[in-house]
Amino acid sequence: MINDVTTDEERPTWPALRRGWRRKCPNCGSGPLLRGYLKVRDTCPVCREELHHHRADDGPAYLTILIVGHLMAPLLHIVFVNFRPDPLVLFTVFAVGCVGLTLYLLPRLKGAIVAFQWSRQMHGFADPTS
């Protein structure tokens, strides 16, 4: 089911962020936002919204590091203090956890940042006729 395509005057932020988190077009919510793992499509294949204006740059990587660090560091401390596992086991489990969480979050945060820029009409996402 294709959602209603929004006009340039009404671009609510939260629905756009949810669509971006799901890696879908922030305008229609059904077209894929990304081509591959992190490459943003130039246009949505469903609604033809131009997406090449985005400037996500290092934002998704920064937010991913921030979130993974703030989740894993206290968890590492709690596990070490309470259970005292073998260092090799501790390293292996947390290394796999950090990589897995990073790979999960990175494309979703990129989609959310592109959707935020779209909803706020930043970096060329505004109506060119206005």
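Please treat every number below as a calculation from the coordinates, not as lab data. Just so it is clear, the model here is predicted, and its values are computed rather than measured. Note that each Cβ is placed from the backbone with ideal geometry, even for glycine, and that neighbours are counted across all protein chains shown.
A few remarks follow.
- Scanning the stretch 107-123 for residues that are farther than 21 Å from Thr64 by Cα, in contact (Cβ under 8 Å) with a residue 24 or more places away in the chain and of a type in the set (A, V, I, L, M, F, W, C) turns up at least one hit.
- Every listed requirement among (1) more than 15 Å from Leu66 (Cα to Cα); (2) in contact (Cβ under 8 Å) with a residue 60 or more places away in the chain is met by Phe91 save one, (2).
- Matching option when the condition is loosely packed, with under 13 Cβ neighbours inside 10 Å and among the basic types (Lys, Arg), among Arg55, Arg23: Arg55
- Test: residue in the stretch 63-78 that is assigned to a helix (DSSP H, G or I), of a type in the set (Ser, Thr, Tyr) and under 11 Å from the mean Cα position of the chain (by Cα): yes
- Any hit, the stretch 42-49, residues being within 14 Å of the chain's Cα centre (by Cα) and closer than 18 Å to Arg120 by Cα: no
- Of Arg55, Arg48, all but one fail to be free of Cβ contacts under 8 Å to residues at least 40 places away in the same chain, charged (D, E, K, R) and in a loop (DSSP other than H, G, I, E, B); the exception is Arg48.
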